[in-house]
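Okay, so here's the structure we're looking at.
The values are calculated or read from the model by the stated rules, or taken from the named source; none is laboratory data. Bear in mind that the values here come from a model prediction, so they are computed numbers and not experimental data. Side chains are part of the model used for accessible areas, which takes the heavy atoms of the whole protein and leaves out ligands, DNA and RNA. Shrake-Rupley method; radii C 1.70, N 1.55, O 1.52, S 1.80 Å.
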Amino acid sequence: MKNNHIQMQLTSLRSQINPHFLFNSLNVIYALALDKKDETQDAIIQLSDILRYVIYDSSSKKFFTR
């Protein structure tokens, strides 16, 4: 039962997150980190907020940023 629930969550997550978006976001953050840019921390927080929204809050139709 628990494994089935986890599989359903993973399937839902995969359908919500465009892999290209995630890949491109991580590449941008990597490039910022290589250049030791101050924006690196903000980029990580923004991506985290987006992923948190997609995973947990997308059904409630609200989005909060830090």
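Please list H5, H20 in order of solvent-accessible area, largest first, computed with a 1.4 Å probe with all protein chains present.
H20, H5
Express in nm, to one decimal, how much length is gained between K37 and S25 on full extension, taking 0.36 nm for each residue of separation and deducting their alpha carbon distance.
2.8 nm
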